[in-house]
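Enquirer: First, the structure itself, so that you have it in front of you.
The values are calculated or read from the model by the stated rules, or taken from the named source; none is laboratory data. Just so it is clear, the model here is predicted, and its values are computed rather than measured. Note that each Cβ is placed from the backbone with ideal geometry, even for glycine, and that neighbours are counted across all protein chains shown. Each accessible area value is taken on the protein alone, full model and side chains, heavy atoms only, with ligands, DNA and RNA left out. Shrake-Rupley method; radii C 1.70, N 1.55, O 1.52, S 1.80 Å.
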Amino acid sequence: MRLFILLLFCFQGNVCSEEKTHCTEQPDSIRVEKGGSVIIPCHFSYLKNDKPEEVRVFWRHATEGRCANNEVIYKHHERWIHADYGGRISMEGNPELERTATIRIQKLRDTDGPMFCCRISLYYNGQPYDSWQNRHGTYIKFKDQFSVEQPDVVPAVIGEDISIPCALHNRSSDAIEEIIWRVGTRDLCFENNEFLIWNTQNITQKFGRWSVQKSENSFLLQIKSITDSDRWQYCCELKTKTRSDGRSSTHGTQVVIADPTQNDPKFTVTQPENITANKGTSVTISCSYTVPPDRNLLWSGVFWRVGSPTGPYAYHPSDLMVHHNYSGRTQLNGSTDLQINGAQDTDTTTYYCFVMLKFCIGTDKTNSVLKYGNGTQLYRSVKNQTSTGQQILILAVYFGIKTFLFVLSIILCAIYMKKSDHTNIQTE
């Protein structure tokens, strides 16, 4: 039956004319609260010419390692939910139209997961003809537990120095005896090679342009003068001094690089030249982009940098990357626009919108491109400046009049006293 369906699609020109191309994209990990809820995104992609009658979404969970063939906990097409998650899982979005398989899990328990993977199946005439599953899944980590966190993506510009944080939660960095950084092209960390090892005897080990720096609650992998050859996945693995436990990322941090000398007219990023804001108010800086229509888009992400294209981050999906001046004050309004809450005088600078597009180019093979806009200058509102100037002028006039009246009263008193003395002399 499966062979028959494939042949049928060949005759329809849907699958045999092109190499099979499908991908999924999930975040590495999400930190959650016990009893709270979590949204686990899953974006997927397949050939545009492939037109199934039905797209079915499945979710698996695993207690450790990869999901592989572990138990299915959710079937979208049947609205079926595993008894352990009864009434707690729901689908976000429309798989057929939006090509997303995102789910929400409510009332989280410490027995849930902790690994969750989405699986996609394409059906024709009630029969599956293509299925695939995310390789690494998403690991949910409770905030009161010891865990390791890395950003999924670090955008960079050729020539700049970058730092990739490997942050510790609920454990001091002094408890770590060894950290191993792996690098490679594979999505799964353990499939990549070790290239830099830090231990308590060598805090600032260097290897060419790479070095490891220890801070209070993280270990930073620093890379000097980024080049095009640094487009890798970077993963950290920690070992404690007691050797009783260790932690590592599942698929680490992807470094994606923008090269301003490369110009793709089909991929553009547009933002206004300038914008004004009043102090203390919220301001939104718009950003839009175009996607090459002939590419198989899997996922897109937006980041905002401040001051220059190599400046700190005003917004990044990972809080680890956001500069402390903007921590807790910025968010995306919609999918691209930067919203700054409680505008300050120090916010009057230039903001650059970075857009990353990830394309599916084969079975579980992707290609990422990065581009940024020309920048938007944020100015203090002229109205606000005028109002402040008026307030200063009013205060100046007020104190001027008050001073004048005070001096005048002294002069009048002096005249009165002199006149009084003169009268007394005449009387005598």
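Enquirer: Working only within region 169-179, note down all residues that are open to solvent by 10 Å² or more (accessible area, probe 1.4 Å), closer than 21 Å to TYR234 by Cβ and in contact with an Asp or Glu (Cβ under 9 Å, 6 or more places away or on another chain).
Expert: HIS169, GLU178 - these are the residues of region 169-179 that are open to solvent by 10 Å² or more (accessible area, probe 1.4 Å), closer than 21 Å to TYR234 by Cβ and in contact with an Asp or Glu (Cβ under 9 Å, 6 or more places away or on another chain).
Table: residues versus (1) under 14 Å from the mean Cα position of the chain (by Cα); (2) at pLDDT 95 or above; (3) surrounded by fewer than 18 Cβ atoms within 10 Å (Cβ to Cβ); (4) over 19 Å from HIS43 (Cβ atoms).
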residue	(1), (2), (3), (4)
ASN278	no, no, yes, yes
THR284	no, yes, yes, yes
VAL291	no, no, yes, no
SER300	yes, yes, yes, no
TRP304	yes, yes, no, yes
GLY307	no, yes, yes, yes
GLY311	no, yes, yes, yes
THR330	yes, yes, no, yes
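Per-residue answers, yes or no, for (1) of a type outside the set (A, V, I, L, M, F, W, C); (2) out of contact with any helix residue (DSSP H, G or I) (no Cβ under 9 Å at 6 or more places or on another chain):
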position: VAL72; (1), (2): no, yes
position: ARG79; (1), (2): yes, yes
position: ASN94; (1), (2): yes, yes
position: TYR139; (1), (2): yes, yes
position: ILE158; (1), (2): no, no
position: LEU168; (1), (2): no, no
position: ARG171; (1), (2): yes, yes
position: ASP174; (1), (2): yes, yes
position: GLU177; (1), (2): yes, yes
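Enquirer: Here's another thing I want to ask about it. Please enumerate the residues belonging to region 332-355 that are under 30 Å from GLU216 (Cβ atoms), in a strand (DSSP E or B), open to solvent by less than 30 Å² (accessible area, probe 1.4 Å) and not aromatic (Phe, Trp, Tyr).
Expert: LEU338, ILE340
Enquirer: Can you tell me how many residues in region 340-368 are in contact with a Lys or Arg (Cβ under 7 Å, 6 or more places away or on another chain) and among the hydrophobic types (A, V, I, L, M, F, W, C)?
Expert: So the answer is 5.
Enquirer: Separate question: Going through region 145-168 one residue at a time, which ones are outside any strand (DSSP E or B), open to solvent by less than 10 Å² (accessible area, probe 1.4 Å) and of a type in the set (A, V, I, L, M)?
Expert: Once the filter is applied, which keeps residues that are outside any strand (DSSP E or B), open to solvent by less than 10 Å² (accessible area, probe 1.4 Å) and of a type in the set (A, V, I, L, M), region 145-168 yields nothing.
Enquirer: Inside region 103-118, can you point out the residues that are surrounded by 18 or more Cβ atoms within 10 Å (Cβ to Cβ) and part of a loop (DSSP other than H, G, I, E, B)?
Expert: LEU108, ASP112, GLY113, PRO114
Enquirer: Still on this structure, I have one more. Looking only at strands (runs of 3 or more DSSP E) that fall completely inside region 223-323, which ones have 1 or more residues that are of a type in the set (A, V, I, L, M, F, W, C) and touching a residue at least 40 places away in the same chain (Cβ under 8 Å)?
Expert: Ranges flagged: 233-240, 253-258, 274-277, 283-285, 297-306.
Enquirer: Name the one entry in LEU238, LEU196, LEU221 that is surrounded by 13 or more Cβ atoms within 10 Å (Cβ to Cβ) and at pLDDT below 85.
Expert: Every option except LEU196 fails the conditions.
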